[in-house]
Amino acid sequence: MNNQHAELFRRHKLNPILSAANWPYPVNSIFNPGATLLPDGTTLLLCRVEDRRGHSHFTVARSDNGADNWRIESRPTLLANPENFPEELWGIEDPRVTYIPELSKYAVVYTAFSRDGPGVSLALTEDFHSFERYGVIMAPEDKDAALLPRRIGGQWALIHRPVSAPRAHMWISFSPDLRHWGNHKLMLEARRGAWWDANKIGLSPPPIETPRGWLVIYHGVRQTAAGAIYRLGLALFDLQAPEHCIKRGDEWIFGPQEVYEQRGDVDNVVFPCGYTIAQDGDTINIYYGAADTSIAMATGSLRSILDWLERHGDESTATLNG
Ligand code: BMA
């Protein structure tokens, strides 16, 4: 075959691994989960669950091998709380989970669907039972956000995606206390024209710390006459100055291909919000929403991903329009 390209992520044979049919209570769809590996090796997914009003909440699912035999909590884990947090009026969406060793807590950064559009909210938790809500940390319209696991130069760092219509780029902002955010910097720009990542990009799972830099898997949205196509690309950022892009891949590396990714409530969407890395320090599982309908998983090797970026990455397209 001569139309071959590197397969950096291999889909799991049981895909989709979770869907509404598995849920212990009535729902419309399950997608875009945050993920983390607990100290005992259990994979925890914080799943976005959309009810039959169209509003979303989060529910925890656990598995010993990260692929099957999921134990799903019988009731929602975190519901919108619009009485105390009015910005959560129309639900909470797309959680990204980062373990913060300094706090011995998990940070859950999520989209709060307010009357004025999506904003970025933060909650901390030790056990995924009780959550300490910080409320909105980036005002609408902003989403696709995650916290870095440690301070950079003494400051916490948040990657996020404000919208400056018609285009939307990735930014990084800094805070001394997780409440007051500033020092905003443009991190990665959407390209223009025919590119797969023209006009609108956003962080997918939280950034992955590697010896070569922060590895970022981001989504690009291509608008076509038949609707949008959500695909994934790669970029690498400086460990000490994460606003500085070292490499950016030109080609997308993962896109809707299987029926469960191409057909659903929203066709042609692959949308990971979480990953886990195995004991070997190399095997990475990404957990993604497929067509805004179910959860699927794909596995790759960090070494191969970084090698691909080394060979295919470009230094000049980080913030310039190719
Ligand atoms: C994005 C987000 C995701 C969703 C995707 C495709 O803008 O809102 O929650 O999966 O669109 O609908």
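The values are calculated or read from the model by the stated rules, or taken from the named source; none is laboratory data. Since the structure is predicted, the reported quantities are computational estimates derived from the model, not experimental observations. Cβ sites come from the backbone with ideal geometry, for glycine too, and all protein chains shown count toward neighbours. Remember, those area values only see protein heavy atoms, side chains included, never the ligands or the DNA or RNA. Shrake-Rupley method; radii C 1.70, N 1.55, O 1.52, S 1.80 Å.
List of remarks:
- Quarter of Cα convex hull surface for the range 240-305, i.e. mean projection, nm²: 5.9 nm²
- Computed about its Cα centre, the charge dipole of the chain is approximately 340 debye, with only Lys, Arg, Asp and Glu carrying charge at their Cβ.
- For the range 17-312, share of DSSP beta bridges that run antiparallel, in % to the nearest 5: 95 percent
- Since only Asn32, Ser104, Val221 are under comparison, the one whose Cα sits farthest along the positive direction of the charge dipole of the chain, derived from C-beta charges on Lys, Arg, Asp and Glu, is Val221.
- Heavy-atom accessible surface of the range 17-312, averaged per residue, reaches 39 Å², computed with a 1.4 Å probe.
- Each part gets one Cα centre, and for the range 114-144 versus the range 1-74 those centres are 21 Å apart.
- Nearest-0.05 FRET efficiency for Asn22 and Thr42, computed from C-beta distance (R0 22 Å): 0.80
- Per residue, the convex hull spanned by the alpha carbons of the range 1-107 comes to 172 Å³.
- Accessible carbon and sulfur surface of the chain relative to its total accessible area, %, 1.4 Å: 47 percent
- Beta bridges assigned by DSSP with both partners in the range 141-232 are antiparallel in approximately 95 percent of cases.
- Distance from the range 196-222 to the range 285-299 (C-alpha centre basis), Å: 16 Å
- Leading residue at positive end of dipole, the range 172-273 (Cβ point charges), from Ala194, Gly249, His180: Ala194
- Debye intensity ratio I(q)/I(0), log10, the chain, q values 0.10, 0.11, 0.12, 0.13 Å⁻¹ (C-alpha model): -0.51, -0.63, -0.76, -0.91
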